[in-house]
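S.K.: Input: one structure, supplied below.
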Amino acid sequence: MLNSDCFLSVNLFFRYPEALTDPSYRGQILTLTYPIVGNYGVPNTQELDELGLRKNVESDRIQVSGLLVQDYSHEFSHWNSVKSLGQWLQEEKVPALYGVDTRMLTKIIRDKGTVLGKIEFEGQPVDIINPNERNLVAEVSTKETQVFGKGNPIKVVAVDCGIKHNIIRLLVKRGAEVHLVPWNHDLMSLEYDGLFISNGPGDPSLAETLIQNVRKVLESDRPQPVFGICMGNQITALAAGAQSYKLPMGNRGQNQPVLNVMTGQAFITAQNHGYGIDSESLPPGWSPLFVNANDGTNEGIMHNNKPIFTAQFHPEAKGGPTDTEFLFDSFLSLIKKGKDASIVSVMPKKPVLPQRAQVSKVLVLGSGGLSIGQAGEFDYSGSQAVKAMKVSSVEHPTMGVPYSNISGPVQYDTLYTHHLIQVTSQIRALAMSSQILVEKSLLGWKEVEYEVVRDVADNCVTVCNMENFDPLGIHTGDSIVVAPSQTLSNEEYHMLRETAIKVVRHLGIVGECNIQYALHPSSLEYCIIEVNARLSRSSALASKATGEDYFPLLKSSEGERESHSLTELISTVPADVLLKAKQEGFSDRQVGQALGSSEGEARALRHSRNIQPWVKQVRTFCPEEHSLNTSFCKSQRQAFIYFIFSQMCIKYKLCIFSVRKLTTKSTSLPSCQNLVFLFLPVFRSNTSSSLQSCTGCIVSVGGQIPNNLAVPLHQNGVRILGTSPLQIDRAEERSVFSTILDDLGVSQAPWRALSSLEDAFAFANKVGYPCLLRPSYVLSGSAMNVAYGEEEMKRFLEEAAQVSQEHPVVITKFIRGAREVEVDAVAKAGKVLVHAITEHVEDAGVHSGDATLMLPTQTISQGALEKVKTATRKIAKAFEISGPFNTQFLVKGNDVMVIECNLRASRSFPFVSKTIGVDFINVATRVMVGEPVNESQLPTLENPIIPVDYVGIKAPMFSWPRLRDADPVLRCEMASTGEVACFGPNIYSAFLKAMLSTGFKLPQKGILIGIQVRNEGFPLDLLEQATSAWLNANDVSTTPVAWPRHEGKETTLPSISRLLSDGHIDLVVNLPNNNTKFLKDNFLIRRMAVDYGVPLITNFQVVKLFVEAIKYSSELDTTSLFHYRQRENEQKG
């Protein structure tokens, strides 16, 4: 049992061994908002340092009266730990509770102020007693004088109000012989070179004897410097004649920003005080030295003439940042300099700020198309940069895409020096760079990252600290990254933080940067891996949602299963066990599996125990931020929440209409009431009930995955905004969709729903090969293939059946030589409001996500376009579409056939929106939520908007170098990881810009051409030297090379691998065909091109357009889309 004033540490990185033993916490119930406590155990608390002080803690005992945490880790892991936190608390008889919603408790105390609290055990009631009515300083102070650092030249008397061990260490380290005296010792009777007044707990006004003793020193003519910390600041101010007051909540934690009043410099500090000094009450001759940057409270004072200064914060840290440790140097410098010293002379000098540049226009270079290694993590940073510049009144901040993408090393290999010469020719890294670093392998070390920000005034803070779950050896982009770090001690954390700040300052980085460390798993040894003087992929992600419990474990008792019937077992599951399972992320289906019951029975059990999901606040402030209220969502249920389902392939800031206004979908919350993130497989079953009270759910802006949830959500009573889920189901079910097209009289390729392999063979024999197999409800063309014979038909059908087990697979006749056309549109109650038509550069057979799109169309006749519009109009009406949709067509001459229709926004929505200047998603959102739409200016089917002065190209971005041994060819199944969009005055300029923006480099030396095509309109069947002979006959000088299979054998022809490795070839054109004996050779050529970083083209239509673009676009213009629009408006005006 205990009584205590309940204070809490609103702090992400509070290291509990130091916090629990801080005497300033005497008499308090310490509440840690850090989400998981106990991970790294407790070090040896009895071990002494060279001064005879406890080495790993800050006093001789746990000082807090009790501890409250949210989650407690029963298992601990750290090289320096000898016991668990629970064991330590039990040894010192300090009660502690876990399972407390400390975030909610924090909010309550923030709203109501500091409150008195008690930890009370059942049957043992206790009364509330206010610890602030006790002189806590007297309780924690030493009872007799102690000397540390005996023999050091400078004698410092330290008044012990509850001094932390690290203060003594830092003074001794700087040459002081520290005489630690009791709080009520007569100071005027002592001889010293400097006087130090320490930190301590409670109300400073209760230490009246100390105040009087310090007042005598201040009023005397003693020249010795005086330095006070925390309680020392309050005692000095009271002795000088100022007034103290009880802070509403106190400032506690290690992330408090303070400002030096003299220089304006900012520092991140550790703090622990419940009382403050009223700066307005300071008498003449005294001035504030530091102020809190958050609440403006006093953080230190100074005498205007005497060498006396104080700090309300803790420059000694432990735990906390060491940013202000220099104050100990300032104190010792005052002592050494004597009468000639002043406080100004020993403090850091005010930095000289460079003259601010007058900026009106800024080009922000983005990360380019999505690729493995740059999968969109940097987009947030770029968009936030543009947003910040708009706030700063920068005119027209423009996002640009560099022509050459840098996505990091291609491959990390552990190399051994004595083998280096032997393997040099095989090192893939050398293919991408002329230089590699050979370093000691640190495989298995911990990998830790810090995000650091420094401004021109040399203010430097670490915004976020992260720890890779996987040890070194796995790229951080492929690792599970946990923010904040979970296994670092205070010493490790701040050792790396301090180094990070030193490195960033030394390098002169201004802005945000990322520093990565390798930390030895069983010592303090560390190495810097690299410093990226830019925003990292972690900048937006890891610093937002911190402290997730990634590895929940559901434990069950086999003995219970054996001794009880199923019904009894289900009914006897304790509510706390069920609650714990749900809190750790297990779905009703998983709980049911563990209990041997169904999902529905598990849900019913949960409801019977009144265990319901709630919308909870996500901690978003980083270790050096302060505000509690910067959070994704409110902690209570809200009736108006729009749940947004999205996936990364839809690379677009989707606008969602909230109750108040339109807002940008991102991982920030500029105006939407609530932004909720849900794990979709779990959501399918156990969260739908909580959505029934919502205004609606939008599933059509996040790609295929949320679209597939439309029917399950509808069946669970969730209102789906926009197109009916039943209509979505009709469009997704291939056989149903094709039947509807037949009923509408809309042309499509011959088709059949398959029920057996025999059906497929019969259909293929009837219409002829090749045939296309199309599963239903699949993402990115999964298991969609073109079969050219029975063997492929059998293999591909098995794949399709695996991904589409609940729906029949549809087979269609594959139309060779057809162009693919897409219509992106928005309809309202079946009427098309906006549309745009794009054309693929590649012939049909390439997935639309891998295709190169052109807008406006370039080769499609007006008659064919009208047929496309007619079919679109019929489909929109038949499916009663209200919202976004995308329809794909085959066009061959004037014949138009529908491929499919997706009743959702497609990946080309942002491209067409930007190109024609109409925000399709804005229109779609207004339609879905029932807002009025002004149709007069929209591109309807009758009044399209077609660019006249420019052409837009959307080109795919591939990551073949990161996919070892994958065949880099385009098929029906999507393989690209991203895309870029470029604009030009004609198709050739726009296409060439787009190619360059994907990282493509124009050839300067040699081109390797291999044509293995047997196709209508292209009667080439060139084998080995035949390609060379044919090109030579057509006045194109070429040299034949050997097939890969002939390399190393008796041949006089040059080796392809040698030509590639030596850099003689800088473009490979390889047009593959399945009907050739050189299948493996062609694959090896394509793979070598990728592995050596040589641009590769494998599609005939792309090769043709590339050659034409080279011919007709000798110079590329730099006109932006903004300027094209501006020019267009001027012509209209």
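S.K.: Give the residue that is surrounded by the most Cβ atoms within 10 Å (Cβ to Cβ), with candidates limited to residues of the range 452-472 that are farther than 19 Å from Cys527 by Cβ and within 21 Å of the chain's Cα centre (by Cα).
M.R.: Across the range 452-472, the extreme among qualifying residues is Cys464.
S.K.: Could you list, in sequence order, all residues of the range 510-543 that are touching a helix residue (DSSP H, G or I) at 6+ places or on another chain (Cβ under 9 Å) and modelled with pLDDT under 90?
M.R.: Glu512, Cys513, Asn514, Ala533, Arg534, Leu535, Ser536, Arg537, Ser538, Ser539, Ala540, Leu541 - these are the residues of the range 510-543 that are touching a helix residue (DSSP H, G or I) at 6+ places or on another chain (Cβ under 9 Å) and modelled with pLDDT under 90.
S.K.: State yes or no: is Ser425 at pLDDT 85 or above, of a type in the set (S, T, N, Q) and open to solvent by 30 Å² or more (accessible area, probe 1.4 Å)? Step through it out loud before you land on a result.
M.R.: On the way: at pLDDT 85 or above: no; of a type in the set (S, T, N, Q): yes; open to solvent by 30 Å² or more (accessible area, probe 1.4 Å): yes.
So Ser425 does not fit the description; no.
S.K.: Can you spot a residue in the range 241-250 that is within 25 Å of Val115 (Cβ to Cβ), touching a residue at least 24 places away in the same chain (Cβ under 8 Å) and touching a Lys or Arg at 6+ places or on another chain (Cβ under 7 Å)? Quick ask: steps written out before the conclusion?
M.R.: Going through the range 241-250, the residues within 25 Å of Val115 (Cβ to Cβ) turn out to be 243-250.
Retained after the next criterion (residues that are touching a residue at least 24 places away in the same chain (Cβ under 8 Å)): 243-250.
In the following step, the residues that additionally are touching a Lys or Arg at 6+ places or on another chain (Cβ under 7 Å) were identified as 249.
Yes, some residue in the range 241-250 is within 25 Å of Val115 (Cβ to Cβ), touching a residue at least 24 places away in the same chain (Cβ under 8 Å) and touching a Lys or Arg at 6+ places or on another chain (Cβ under 7 Å).
S.K.: Which one is farthest from the chain's Cα centre (by Cα) among residues in the range 22-42 that are open to solvent by less than 20 Å² (accessible area, probe 1.4 Å) and hydrophobic (A, V, I, L, M, F, W, C)? First the steps, then the outcome.
M.R.: Filtering the range 22-42 for residues open to solvent by less than 20 Å² (accessible area, probe 1.4 Å) gives 22-25, 27-35, 37-38, 40-42.
Then keep just the ones that are hydrophobic (A, V, I, L, M, F, W, C); that gives 29-30, 32, 37, 42.
Details: Ile29: 34, Leu30: 31, Leu32: 25, Val37: 23, Val42: 31 Å.
Going through the qualifying residues, I end up with Ile29.
S.K.: Taking Gly368, is it modelled with pLDDT under 85 and not in a helix (DSSP H, G or I)?
M.R.: Criteria met by Gly368.
S.K.: Output the residues belonging to the range 867-912 that are assigned to a helix (DSSP H, G or I), of a type outside the set (Lys, Arg) and in contact (Cβ under 8 Å) with a residue 40 or more places away in the chain.
M.R.: Of everything in the range 867-912, those that are assigned to a helix (DSSP H, G or I), of a type outside the set (Lys, Arg) and in contact (Cβ under 8 Å) with a residue 40 or more places away in the chain turn out to be Val868, Ala871, Thr872, Ile875, Ala876, Ala878, Phe909, Pro910, Phe911, Val912.
S.K.: Give me the helices (runs of 4 or more DSSP H) completely within the range 1023-1133, filtered to those with at least 2 residues that are within 23 Å of Leu963 (Cα to Cα), ordered by residue number.
M.R.: 1056-1061, 1079-1091
S.K.: Quick check on my filter: what residues within the range 210-231 are in a helix (DSSP H, G or I) and within 20 Å of Asn305 (Cβ to Cβ)?
M.R.: Looking only at the range 210-231, we keep the residues that are in a helix (DSSP H, G or I), and these are 210-219, 231.
The answer is Val214, Arg215, Lys216, Val217, Leu218, Glu219.
S.K.: Filter the range 293-345 down to the residues that are of a type in the set (A, V, I, L, M), farther than 25 Å from His494 by Cα and modelled with pLDDT of 95 or more and list them by number.
M.R.: Ile301, Met302, Ile308, Leu334, Ile335
S.K.: For the list (1) open to solvent by 40 Å² or more (accessible area, probe 1.4 Å); (2) in contact with a strand residue (DSSP E or B) (Cβ under 8 Å, 6 or more places away or on another chain); (3) farther than 16 Å from Ile277 by Cα, I need the number of the one condition that Ser205 fails.
M.R.: Just one mismatch for Ser205, condition (3).
S.K.: Could you pull out every one of the helices (runs of 4 or more DSSP H) wholly within the range 697-754 that has 3 or more residues that are under 15 Å from Asn902 (Cβ atoms)?
M.R.: 704-708, 725-732, 734-744
S.K.: May I pose another question? Tally the residues that are in a helix (DSSP H, G or I), in contact with a Gly (Cβ under 7 Å, 6 or more places away or on another chain) and not hydroxyl-bearing (Ser, Thr, Tyr), restricting the search to the range 232-262. Break it down into steps so the answer makes sense when it comes.
M.R.: Pass one, the range 232-262, residues in a helix (DSSP H, G or I): 232-240.
Filter once more, so that each one left must be in contact with a Gly (Cβ under 7 Å, 6 or more places away or on another chain): 233, 235-236.
Now restrict to residues that are not hydroxyl-bearing (Ser, Thr, Tyr): 233, 235.
Here the count works out to 2.
S.K.: Would you tally the residues in the range 914-927 being more than 21 Å from Met957 (Cβ to Cβ), in contact with a strand residue (DSSP E or B) (Cβ under 9 Å, 6 or more places away or on another chain), of a type outside the set (A, V, I, L, M, F, W, C) and surrounded by fewer than 23 Cβ atoms within 10 Å (Cβ to Cβ)? Please lay out each step first, then the result.
M.R.: Of all residues in the range 914-927, those more than 21 Å from Met957 (Cβ to Cβ) come to 916-927.
From what's left, in contact with a strand residue (DSSP E or B) (Cβ under 9 Å, 6 or more places away or on another chain): 916, 918-927.
Add one more test, that the residue is of a type outside the set (A, V, I, L, M, F, W, C), and what stays is 919, 922, 925-926.
Subset that is surrounded by fewer than 23 Cβ atoms within 10 Å (Cβ to Cβ): 919, 922, 926.
Residues flagged as more than 21 Å from Met957 (Cβ to Cβ), in contact with a strand residue (DSSP E or B) (Cβ under 9 Å, 6 or more places away or on another chain), of a type outside the set (A, V, I, L, M, F, W, C) and surrounded by fewer than 23 Cβ atoms within 10 Å (Cβ to Cβ) within the range 914-927 amount to 3.
S.K.: Would it be correct to say that Leu190 is open to solvent by 20 Å² or more (accessible area, probe 1.4 Å), hydrophobic (A, V, I, L, M, F, W, C), over 19 Å from Asn233 (Cα atoms) and more than 41 Å from the chain's Cα centre (by Cα)?
M.R.: The answer is yes for Leu190.
S.K.: Could you say which residue among Asp221, Asp203 is closer than 16 Å to Val137 by Cα and either within 42 Å of the chain's Cα centre (by Cα) or charged (D, E, K, R) (or both)?
M.R.: That would be Asp203, the only listed residue that is closer than 16 Å to Val137 by Cα and either within 42 Å of the chain's Cα centre (by Cα) or charged (D, E, K, R) (or both).
S.K.: Which of the residues spanning the range 320-340 are open to solvent by 10 Å² or more (accessible area, probe 1.4 Å) and either small (Gly, Ala, Ser) or within 21 Å of Leu20 (Cβ to Cβ) (or both)? Explain how you work it out, then say what you get.
M.R.: Keep residues of the range 320-340 that are open to solvent by 10 Å² or more (accessible area, probe 1.4 Å), which gives 322-323, 325-326, 329, 333, 335-340.
Listed by number, the residues that qualify are Thr322, Ser333, Gly338.
S.K.: With respect to Gly274, is the statement that it is open to solvent by less than 30 Å² (accessible area, probe 1.4 Å), under 32 Å from the mean Cα position of the chain (by Cα) and at pLDDT below 95 true?
M.R.: Values: open to solvent by less than 30 Å² (accessible area, probe 1.4 Å): yes; under 32 Å from the mean Cα position of the chain (by Cα): no; at pLDDT below 95: yes.
The answer is no for Gly274.
S.K.: Okay, next question. Regarding Gly149, is this residue at positive phi and either open to solvent by 20 Å² or more (accessible area, probe 1.4 Å) or hydrophobic (A, V, I, L, M, F, W, C) (or both)? Walk me through how you get there before you give the answer.
M.R.: Details: at positive phi: yes; either open to solvent by 20 Å² or more (accessible area, probe 1.4 Å) or hydrophobic (A, V, I, L, M, F, W, C) (or both): no.
In short, no.
S.K.: Suppose we filter Asn1073, Asn1129, Asn1082 for residues that are more than 20 Å from Ser1055 (Cβ to Cβ), modelled with pLDDT under 90 and surrounded by 13 or more Cβ atoms within 10 Å (Cβ to Cβ); which single one remains? Spell out the reasoning first.
M.R.: Details: Asn1129 fails: surrounded by 13 or more Cβ atoms within 10 Å (Cβ to Cβ); Asn1082 fails: more than 20 Å from Ser1055 (Cβ to Cβ).
Residue meeting the stated conditions: Asn1073.
S.K.: Check off (1) hydrophobic (A, V, I, L, M, F, W, C); (2) buried (at least 21 other Cβ atoms within 10 Å of the Cβ); (3) not in a strand (DSSP E or B) for Ala864 and give me the number that stays unchecked.
M.R.: Unmet for Ala864, out of (1) hydrophobic (A, V, I, L, M, F, W, C); (2) buried (at least 21 other Cβ atoms within 10 Å of the Cβ); (3) not in a strand (DSSP E or B): (2).
S.K.: Keeping to the range 473-524, report how many residues are surrounded by fewer than 16 Cβ atoms within 10 Å (Cβ to Cβ), in contact with a Pro (Cβ under 9 Å, 6 or more places away or on another chain) and assigned to a helix (DSSP H, G or I).
M.R.: Here the count works out to 0.
S.K.: Inspect the range 306-317 for any residue being open to solvent by 40 Å² or more (accessible area, probe 1.4 Å) and part of a loop (DSSP other than H, G, I, E, B) and give the result as yes or no. I'd like the intermediate steps shown before the answer.
M.R.: Of the residues in the range 306-317, the ones open to solvent by 40 Å² or more (accessible area, probe 1.4 Å) are 306.
Within this subset, residues satisfying the condition of being part of a loop (DSSP other than H, G, I, E, B) are 306.
Yes, the range 306-317 contains a residue that is open to solvent by 40 Å² or more (accessible area, probe 1.4 Å) and part of a loop (DSSP other than H, G, I, E, B).
S.K.: Scan the range 43-101 for residues that are without any contact (Cβ under 8 Å) to a residue 60 or more places away in the chain, of a type outside the set (A, V, I, L, M, F, W, C) and open to solvent by less than 50 Å² (accessible area, probe 1.4 Å) and jot them down.
M.R.: Thr45, Asn56, Tyr72, Ser73, Ser81, Lys83, Ser84, Gly86, listed by residue number.
S.K.: Checking the conditions here, which among Phe911, Phe879 is crowded, with 20+ Cβ neighbours inside 10 Å and modelled with pLDDT of 95 or more? Steps first, please.
M.R.: Values: Phe911 fails: modelled with pLDDT of 95 or more.
Of the residues listed, the single one that is crowded, with 20+ Cβ neighbours inside 10 Å and modelled with pLDDT of 95 or more is Phe879.
S.K.: Still on this structure, I have one more. So which residues in the range 997-1016 are over 22 Å from Asp843 (Cα atoms) and open to solvent by less than 50 Å² (accessible area, probe 1.4 Å)?
M.R.: Ser997, Gly999, Pro1003, Gly1006, Leu1008
The values are calculated or read from the model by the stated rules, or taken from the named source; none is laboratory data. This is a predicted model, so every value here is computed, not measured. Using ideal geometry, Cβ is built from the backbone for each residue, glycine included, and neighbour counts are taken over all protein chains shown. Quick note on the areas: whole protein, heavy atoms, side chains included, nothing else; ligands and nucleic acids left out. Shrake-Rupley method; radii C 1.70, N 1.55, O 1.52, S 1.80 Å.
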